[in-house]
Each structure stands twice: as C-alpha cells, then as structure tokens.
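To start, the structure itself, in structure tokens.
The values are calculated or read from the model by the stated rules, or taken from the named source; none is laboratory data. Treat the numbers as computed from the prediction; the structure is a model and nothing was measured. As a convention, Cβ positions derive from the backbone with ideal geometry for all residues, glycine included, and neighbour counts pool all protein chains shown. Calculation scope for accessible area: heavy atoms of the full protein, side chains included, ligands and nucleic acids excluded. Shrake-Rupley method; radii C 1.70, N 1.55, O 1.52, S 1.80 Å.
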Amino acid sequence: VSTQYGLQSRNQKSCPSQAVEIPGLTVQLYSTSRARCSPYIFVNGCDSLSRLVQGETLTARYCSVRILDTKMTERFDCHYCKESLFGKKYILREESPYCVKCYESLYSNTCEECKKPIGCDCKDLSYKDRHWHETCFHCFQCKNSLVDKPFAAKEEHLLCTECYSNEYSSKCNECKKTIMPGTRKMEYKGNSWHETCFICHRCQQPIGTKSFIPKDNQNFCVPCYEKQFAMQCVQCKKAITTGGVTYREQPWHKECFVCTGCKKQLSGQRFTSRDEFAYCLSCFCNLYAKKCAGCTNPISGLGGTKYISFEERQWHNDCFNCKKCSLSLVGRGFLTERDDILCPECGKDI
C-alpha cells in the first residue's frame, strides 16, 4: 500500500504461480492466492519488490541463491573466478553463474548508512539510486526504522513524517498545530491554515477557495462582511464593498450616482444640484440656466462664471457688447434701443 511520503506493505507468503519466457530474460511470477499475484517477481535469479514512495520508486531486492546438483557431469564454473560451482551456492546474472563471493564483490551495493556491502542474504532497500540494509534504513533524527512506513526526504536525509513535520512543516495560524505533509492548507499573506481552520469569523463556515474580506486580523466571507460592516447604497439599498462615493453624507455605488437628467455617471465629473437632485452641467444648464441675451446660450453661473444682468436680461461678460461697434460695455455706460445695447458714442444720435 503506497502513500504520498512512504511505503507500507504486508508480509505475504508467496508461492510460484507461472513463468513467462522473454528472449534473454526469464520471469517467474509468484502469487499469494489463486486469484491475485503478489508484487514479487523472479528475474534471472533475483527477486525484486518495487513500490512508489513520494513520487520515486523504493525497491526492495532479494537475491535468489541456488545450489548446483553434484550429480551433473558437465563442468559448471564461476563466470569470474572460474572455480567449480559443484555443490556450492551460486547466483545467475545475465545467464552467467557466479559464486557468492564474486557476485558480492562485483555487484553488491554499498549501504548508505554503514558503508558495508549489502550481501545476497540481506534485503537491499533502494531510493533514488541509494541503498541501505534493512536494519540501516531509519529516520535521520529519531533513528526509528522506516521499513514499511511513510517517510520524506530533506537535503539527502530521510525523515519519518513526525520528525519532518516538527522540523519543516508550517503551523496553522488558527489552532497552532502542525500542518502535516500531504494535507491541504490555505495560505494568505505568509500565514497558513488547515483547510478546516480557515473559516469565516462570523458564520464559522469554511471559506475554502471562495472570496473573503480580511478585517481586524479576522477573515469574513463576502455575505457576512456585507451584513456586518458594509454601508448600504442610498439608491439601490445594496451593500457597498468597493468603489463607493459620498454625497451629502450619504453613500452611493459609483454606478448608482448618476445625473437625474441623462443618467450618466457623475463620479469624477463636475456636477451641481437642484432640489436635492444631482445634474451634470449640461443637463442643468439646459433645464434651469438663464439664456444669454447676446448668444442665447445658457449661463451656468458655475465655476466663477461672470455675467451681466439688466432688466431681467442676462449676458455673458464676453457677449455684453455694443450692437453697432461691438465695443465691450463691461464696466462702462451704455444705452438701450429696444432689445439692443449701444455704447454712448453709437447711441448719441438716438
């Protein structure tokens, strides 16, 4: 049974089930029952057990040693030292026989922990091209065996999950307990939480991957934040979470604060009001401003605009000119002839 960070296995008593012949390779399968094969395979004299550990393969390897029948008449020698193998233990490698001594000196792996060869009579545990005796395969810190247990690797050292968590795992900002490797965690601005601890402060429901709003070192889901803290728009009566404006000490959404006449947004624009209703300058002038007697355009009177008023008529300063000679009459005497205004010089013949 494989886990994210280690290996768990069951001791199973195996028995031969069937053989598969491949050119240059003999594979003998072993089974634990009639209906199911175990993970052990017999390959050219070696049994191998492979399991997935933290994305890598942890392999337990066994050498199968045979004893040659002394009744054989043909010579049968060690492939390396050429000594006779009659009546001795030997190991097949690529169809060539080796005595135990030669095989171990040529092909045995060296244990990472004790630096001694891993003999044919020992289980060879390997991880990322490194090898251990079964008794040497233990946690770097607490020294407890890691055989058949989950483990993690850190800077070339193997650690049990407990030691790894205590040393390297982050702590939950809510419950202050270690966040175990392989479990989901939530992170925000350098802080970490268990998924079940990252909850809304008001409704106590897990936030998960939903939107939330932090306030005073507490996290709130959006509905709870709106109910508890957000202002209500005067126009639509809904909560204002971002981008609101204030007019006459009342809150508005930007999209709700519009001209009474043309309905264009007024946020960031010049506007005025009449009878507590807001208007853009264009609508206000068209609806309520006086018209210039000279150019007939509205006189807004906003922003310091100057104008002349005489007998219920108004002029822009630039439009208050003599009808005949166009001389500006601002600050000067003038005469009127019906709807026209004249300078004293042009009006002396009246």
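Points to keep in mind about this one:
- Some residue of segment 324-338 being under 30 Å from residue 259 (Cβ atoms) and surrounded by 12 or more Cβ atoms within 10 Å (Cβ to Cβ): no
- Extreme residue, modelled with the lowest pLDDT, among residues of segment 107-135 that are open to solvent by 50 Å² or more (accessible area, probe 1.4 Å) and under 15 Å from residue 151 (Cα atoms): 128
- The number of residues in segment 168-180 being outside any loop (DSSP other than H, G, I, E, B) and open to solvent by less than 50 Å² (accessible area, probe 1.4 Å) comes to 1.
- Those residues of segment 291-318 which are at pLDDT 75 or above and over 22 Å from residue 342 (Cα atoms), in sequence order: 298
- Any hit, segment 299-306, residues being touching a Lys or Arg at 6+ places or on another chain (Cβ under 9 Å) and among the hydrophobic types (A, V, I, L, M, F, W, C): yes
- Among the candidates 246, 242, 260, the residue that is without any contact (Cβ under 8 Å) to a residue 24 or more places away in the chain, out of contact with any Phe, Trp or Tyr (no Cβ under 8 Å at 6 or more places or on another chain) and hydroxyl-bearing (Ser, Thr, Tyr) is uniquely 242.
- Matching entry among 281, 287 (being open to solvent by less than 70 Å² (accessible area, probe 1.4 Å), touching a Lys or Arg at 6+ places or on another chain (Cβ under 9 Å) and touching a residue at least 12 places away in the same chain (Cβ under 8 Å)): 281
- As a summary of the residue check, residue 265 satisfies the conditions (1) open to solvent by 60 Å² or more (accessible area, probe 1.4 Å); (2) in contact (Cβ under 8 Å) with a residue 12 or more places away in the chain except for the one numbered (2).
- Of the candidates 187, 226, 255, the single residue that is in a strand (DSSP E or B) and modelled with pLDDT under 90 is 187.
- Residues of segment 136-167 that are open to solvent by 80 Å² or more (accessible area, probe 1.4 Å) and either among the aliphatic types (A, V, I, L, M) or in a loop (DSSP other than H, G, I, E, B) (or both): 140, 141, 143, 144, 149, 155, 156.
- Some residue of segment 234-242 being within 30 Å of residue 184 (Cα to Cα), modelled with pLDDT under 85 and open to solvent by 40 Å² or more (accessible area, probe 1.4 Å): yes
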